[in-house]
Amino acid sequence: MLKNKPILNVETLTKTVRTNEQELKLLCPTTFAIYPKETVAIIGASGSGKSTLLGLLAGLDSPSSGEIWLNNHALHKMNEDQRAQVRANDVGFVYQSFMLIDSLTAIENIMLPLELAAHKEAKNLADNWIDLVGLSHRPDHFPNQLSGGEQQRVAIARAFACQPKLLFADEPTGNLDETNSQLIEDLLFQLNEENDTTLVIVTHDNQLAEKCDRIFKMQAGVITETTAEVKTKN
Amino acid sequence: MLFNLSYRLLKHELKRNELTIMLIAIILAVASVYSLSSFSQKMQDAINVKSSEFLAADGVLSSGKPINERLMPPTELGLQTADQIRFSSMVFFNDEMMLATVKAVDNAYPLKGTIFTQLDPFGHNVKTNVKLSPGEVWLSAKFFQTLSVALGDSVEIGDAIFKVTAILGSTPDQGFSPFTTGAQVLIHIDDVPSTQVIQPGSRIHYRSSFTGSPEKMTQYEEWLLPQLSDDLHRWKTINDESTPVGNSIKKASRYFLIASLISVLLAAAAVGVAATQYAERHFDMVAIFKTIGATKKQIIEVFTLHLSLLILVGVSVGLGVGYIIEWGVFEFIKAKLPVELQIQTISYKALYLAAFTGITCAGAFSIVPMLKLFNASPLRVIRRDMLSVSSYTILAYIVSVLSIFMLMYLFSQSLMISSILFVGSLAAVALLLAMARFGIWLSRKASKDRHSALKLAIARLYVNARSSSLQLISLTIAVQLFLLVLVLRGDLIGQWQNQLKEGTPNYFIVNVPHHQKTVFETSFSENNIEVTDLYPIIRGRLIAVNNEVLFDEVSKEKPKKADENRRESIGRELNLTTHQQIPYMNTLVEGEWWTKSTTDSQVSIEEKLAKRMKIKLGDELKFMITGSEINVKVTSIRKVKWESMTPNFFMIFSDDVLADFNASYIASFHLPTDRAADLNQLMMQFPTSSLIDINQILAQMKQIAGQASMAIEFIFVLVLIAGVLVIQAQIQASMATRKQEVMVLRILGASSHFISRSIAFEFMFLGALAGLLAAITMEIILAGVQILVFKMQWSPHFEFIILSPIACALILGIFGQLACSRVLLRSVKTQASTL
Ligand SMILES: Nc1ncnc2c1ncn2[C@@H]1O[C@H](COP(=O)(O)OP(=O)(O)O)[C@@H](O)[C@H]1O
Ligand SMILES: [Mg+2]
């Protein structure tokens, strides 16, 4: 595979926060690159900084130092609105706690990013996506009327709806039982494959991690690539 | 278009009851403003109609000289006018005569109100629409009794002869003065020249009455007043406090205004609390929007639209509800209303005012929460505790607060009233902020080794000191304003009821001669009529103060230079009396009332006269009474309620002073109207005395007080609803933030009993504190309002310092418990679904 141009390029990225006179290092200097269509797993103990990293990569937060290039955009130089614009075009996000809008129906949740992007075919596209995640029979249900697995499908449909280049998933199966976890994982990988998306997924599940092209391990704010290590062990 | 998105969000959220409190708050604000201003306008109109009947017009210009044509209202104002001439004259019949107060009226008389006639002397009063024609005279019952005139006879007044065509019962503008000298007579104004009574030097009283729409009357008044001269003209309107009802009307409308303002304030506070909750409810939503790529501009667009739509719904529903409330209230009280009210008409002024209030309230109070909302960080999706900060908070707070003040001013049109309430509330907020912190801190100290649920409650208050004190403030303000309305309502209605209670004297008898005093007393008591307020009356002139002889303007002596500071005499004779106790409706301002058997020749003087004459306690006054001089010492100064329906005096002596004089007597008594015929018999024995029937005036006053009381009860209920809504909004808001905590506590194994008890304790504690602070701060505002606005005396209400905390603790405890059990129920469900 030819990977000459990374879709995500991270240069000596750090994040520190101040809490009560104390400097807290959440992320030590980190450098890596991710190429189009790759699938990347980030593993690590709880509190090691995985979500913090994902938040930075998706431009939800701004770094303390270092550079983040996402699809040739210099995220680290952008203000919040410009980052939002990048997210609207290039980034999808799936969270552990689904993060659906409680007062919008399943189909309306999926339409949301399309509407924000002023897409003319929002309704049709959303209909198509809800079909793809297998919920075409329940478009008008509110999130609280859906099971956890169903909610996460809606979230996945919403994440893919704008056809992002990059998809971040922060422990997408963390709140689900085993059967549902399996279904969601399969769906995620399948859609990723079909849409030529790059997938960055945070997980505790080693089996899931092994399905990915690359594996990063996070430990107290320090990230190391352990793809070879993990894969040879098994 | 993002409009669709906003609309969809709103539609779903409304259906899912997520915006109910905010919506109800707006609806209440709008509905109460609409119904209040429309209701008060219509009520005021009705009361004005009633009270204009006391003047027989909306305004009266009177003078001792014929009123100049150029003072008459310009024809383009379209006012109706009626002219009247009053004078005293003898009425002759056969060879007898009797002094009369003659009222010469034109065909337009009366512009307002009705004339009552009687079918036989001392019979019932009957309304009449018959106009008096030239050549006719209507005589009051007294003449029929004293002169033995009969209907159809001819009597002489001055040089003219009149035919008696009716027994005069009462005229709307007869007023109330127990000192009037003669009985009333009505003749036509065209007959005045032929009587020849108007001679140089004779005392004639000219009156021109006007009526028209309030705006036109005001226009005329503004044009007229600068042209009047103080010693020649008097201008009187229904708003004058000196009329029997004027004072009640003024007080009622001021109360109405204050209470309306308070209900607006409360509704605004409810909107404020709800708006904060509205923003909090949407923080996560905004965060999610932002992660999906929404820019701030889009967020602002979506949520401004969303809020605007919500306000639009609230305002429209509010107007509808306001109209229904108004209609319902009218339906309910229709039967009791003596006047037709224009119920069907929609008051556009009220409509605009209400819509404007709703928009301003919701808008102004949403600025701060909305700014925070727009700034919600997308990071919230990863870290739930991310707070939102806004850089313009202070400015936004100022804008909110100022717009509330503007609203208050717009509503009351009175800078003073809005300022008192506004500054009072602001000061209360500042005071409360400090006290709340201190109180919460203190109680934490005190609760160290108490029951653990209580301890948890107080610990929670302490941890959330900032939001707790905000809660405390809004609760306190709500309770405080409610108490204010409650106290004022009690004071006003109590005052009226006191003035007009059953058994209030409805007749006065005047000119009972000295030698008939005992006969009078025994014959009345034999007839089971209780005589009250028996006063001896003798006329006299004040001639010196501290041996300084008063300079008499009438004598036209030119005062010498050195004499310019000399006191002027009062210029007329006064009605003097004696009394053992301080008369009912009088209050002592300075000095002390004498003991029953004093022999020190004391006098009590009316406050304003004392001021005008520069008379102080301890001064020696010299009076000239029927040719002899008497000396008395000023030992007290009184405030007199001139509008009360009792004889009022400038000077009251101790009993010993007039002992040697032959005074005549005045007395009042209550007689049920169905016994009026008995009076005829009784009065036969007192041919020189006259009777003044004030049943008509009392009935009118009762109607007016009744209407005003009803209006006051109505607004009281509205304020009550607004207050409850604030409390409910506050509890809901704090419950929303508490859901998480409740869930954690449950997971940690706390029993729901323990949780709900600790929350109930927390609310009870908050309620008690709010109730106490409210009772204290209410007194401060109350003092301001009563002294500055109502010009009443202020006395503290200690009972509220105890009652208010107890009541508030109970109410909040119950409300909190209810809200809490709902949250608990839901948390059990959520837990079940996540596990
Ligand atoms: N803004 C912040 N302020 C203080 N501490 C933070 C902040 N953001 C993250 N942390 C802390 O940094 C650590 C890493 O958090 P996170 O990235 O959520 O870990 P993970 O997702 O790997 O479980 C945690 O201990 C968290 O409490
Ligand atoms: Mg995490």
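I'm told A:ASN20 meets every condition in (1) more than 16 Å from ligand 2 (Cβ to nearest atom); (2) within 13 Å of chain B (Cβ to nearest Cβ); (3) without any contact (Cβ under 8 Å) to a residue 40 or more places away in the chain except one. Can you identify the failing condition by its number?
So the condition that A:ASN20 fails would be (2).
Would you mention how many residues in region A:153-187 are more than 14 Å from chain B (Cβ to nearest Cβ) and away from ligand 1 (no atom under 16 Å from the Cβ)?
Residues meeting the conditions: 10.
Is one or more of the residues making up region A:199-213 away from ligand 1 (no atom under 16 Å from the Cβ) and without any contact (Cβ under 8 Å) to a residue 12 or more places away in the chain?
yes
For the structure I just gave you, tell me whether B:GLN84 is over 30 Å from B:VAL315 (Cα atoms) and buried (at least 16 other Cβ atoms within 10 Å of the Cβ).
So B:GLN84 passes the test.
Looking at (1) touching a residue at least 24 places away in the same chain (Cβ under 8 Å); (2) under 35 Å from the mean Cα position of the chain (by Cα); (3) outside the structural domain of B:CYS808 (by TED's automatic domain parsing), which one does B:VAL657 not meet, given that it meets all the others?
(2)
Just checking, how many residues over region A:34-49 are surrounded by 23 or more Cβ atoms within 10 Å (Cβ to Cβ) and within 13 Å of ligand 2 (Cβ to nearest atom)?
Going through region A:34-49 one residue at a time, the tally reaches 2.
Would you check which residues across region B:122-159 are in contact (Cβ under 8 Å) with a residue 60 or more places away in the chain, in contact with a Ser or Thr (Cβ under 9 Å, 6 or more places away or on another chain) and under 21 Å from B:THR673 (Cβ atoms) and list them?
B:HIS124, B:ASN125, B:LYS142
Considering only region B:269-285, I want to know if a residue exists there that is touching a Pro at 6+ places or on another chain (Cβ under 6 Å) and either surrounded by fewer than 20 Cβ atoms within 10 Å (Cβ to Cβ) or within 11 Å of another protein chain (Cβ to nearest Cβ) (or both).
Step one: of region B:269-285, the residues touching a Pro at 6+ places or on another chain (Cβ under 6 Å) are B:275-276, B:279.
Then keep just the ones that are either surrounded by fewer than 20 Cβ atoms within 10 Å (Cβ to Cβ) or within 11 Å of another protein chain (Cβ to nearest Cβ) (or both); that gives none.
Looking through region B:269-285, none of the residues is touching a Pro at 6+ places or on another chain (Cβ under 6 Å) and either surrounded by fewer than 20 Cβ atoms within 10 Å (Cβ to Cβ) or within 11 Å of another protein chain (Cβ to nearest Cβ) (or both).
Looking at B:ALA722, B:ALA711, B:ALA699, B:ALA750, which one is under 35 Å from the mean Cα position of the chain (by Cα) and surrounded by fewer than 22 Cβ atoms within 10 Å (Cβ to Cβ)? Give the derivation first.
Values: B:ALA722 fails: surrounded by fewer than 22 Cβ atoms within 10 Å (Cβ to Cβ); B:ALA711 fails: surrounded by fewer than 22 Cβ atoms within 10 Å (Cβ to Cβ); B:ALA750 fails: under 35 Å from the mean Cα position of the chain (by Cα).
The unique qualifying residue is B:ALA699.
Every residue, every condition in (1) at pLDDT 85 or above; (2) farther than 30 Å from B:LEU500 by Cβ; (3) in contact with a Gly (Cβ under 8 Å, 6 or more places away or on another chain), yes or no:
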residue: B:SER555; (1), (2), (3): no, yes, no
residue: B:GLU573; (1), (2), (3): no, yes, yes
residue: B:ILE605; (1), (2), (3): yes, no, no
residue: B:PRO647; (1), (2), (3): no, no, no
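If I filter region B:1-21 down to residues being closer than 11 Å to B:HIS306 by Cβ and more than 10 Å from chain A (Cβ to nearest Cβ), which single residue comes out as modelled with the lowest pLDDT?
Among those residues, the one meeting the criterion is B:PHE3.
Would you mention how many residues in region B:7-65 are part of a helix (DSSP H, G or I), of a type in the set (Lys, Arg) and closer than 30 Å to B:ILE299 by Cβ?
3
Any idea which of A:PHE98, A:PHE93 is within 16 Å of ligand 1 (Cβ to nearest atom) and within 11 Å of another protein chain (Cβ to nearest Cβ)?
A:PHE93
Can A:ASN79 be described as at pLDDT below 95 and more than 13 Å from chain B (Cβ to nearest Cβ)?
Considered against the rule, which asks whether it is at pLDDT below 95 and more than 13 Å from chain B (Cβ to nearest Cβ), A:ASN79 comes out as no.
Matching residues to (1) among the basic types (Lys, Arg); (2) under 22 Å from B:THR195 (Cβ atoms); (3) over 36 Å from the mean Cα position of the chain (by Cα):
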position: B:PHE93; (1), (2), (3): no, yes, yes
position: B:MET98; (1), (2), (3): no, yes, yes
position: B:ALA108; (1), (2), (3): no, yes, no
position: B:THR114; (1), (2), (3): no, no, no
position: B:PHE144; (1), (2), (3): no, yes, yes
position: B:LEU147; (1), (2), (3): no, yes, yes
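List the residue pairs whose Cβ atoms are under 7 Å apart, where the first residue sits in region B:606-634 and is of a type in the set (Ser, Thr, Tyr), the second is surrounded by 14 or more Cβ atoms within 10 Å (Cβ to Cβ), and the two are 6 or more positions apart or on different chains.
Pairs that qualify, where the first residue is of a type in the set (Ser, Thr, Tyr) and the partner is surrounded by 14 or more Cβ atoms within 10 Å (Cβ to Cβ), are B:THR626/B:PHE661.
To keep it simple, each residue is scored yes or no on (1) modelled with pLDDT of 80 or more; (2) of a type in the set (S, T, N, Q).
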| residue | (1), (2) |
| --- | --- |
| B:ILE292 | yes, no |
| B:GLN298 | yes, yes |
| B:LEU309 | yes, no |
| B:LEU312 | yes, no |
| B:ILE325 | yes, no |
| B:ILE333 | no, no |
| B:PRO338 | no, no |
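What are the residues in region A:59-76 that are in contact (Cβ under 8 Å) with a residue 24 or more places away in the chain, away from ligand 1 (no atom under 16 Å from the Cβ) and within 14 Å of chain B (Cβ to nearest Cβ), if any?
A:LEU70, A:ASN71 - these are the residues of region A:59-76 that are in contact (Cβ under 8 Å) with a residue 24 or more places away in the chain, away from ligand 1 (no atom under 16 Å from the Cβ) and within 14 Å of chain B (Cβ to nearest Cβ).
Results for (1) of a type in the set (Gly, Ala, Ser); (2) closer than 23 Å to B:ASP58 by Cα, shown as yes or no for each residue.
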residue: B:ALA100; (1), (2): yes, no
residue: B:LYS112; (1), (2): no, yes
residue: B:PHE116; (1), (2): no, yes
residue: B:VAL130; (1), (2): no, yes
residue: B:GLN145; (1), (2): no, no
residue: B:GLY169; (1), (2): yes, yes
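Taking only pairs six or more apart or across chains, which ones have beta-carbon atoms under 9 Å, a first residue in region A:38-58 that is closer than 18 Å to A:ASP205 by Cα, and a second residue that is within 7 Å of ligand 1 (Cβ to nearest atom) and small (Gly, Ala, Ser)?
A:LYS50/A:GLY44
The values are calculated or read from the model by the stated rules, or taken from the named source; none is laboratory data. This is a predicted model, so every value here is computed, not measured. Here the Cβ is made from the backbone with ideal geometry for all residues, glycine too, and neighbour counts use every protein chain on show.
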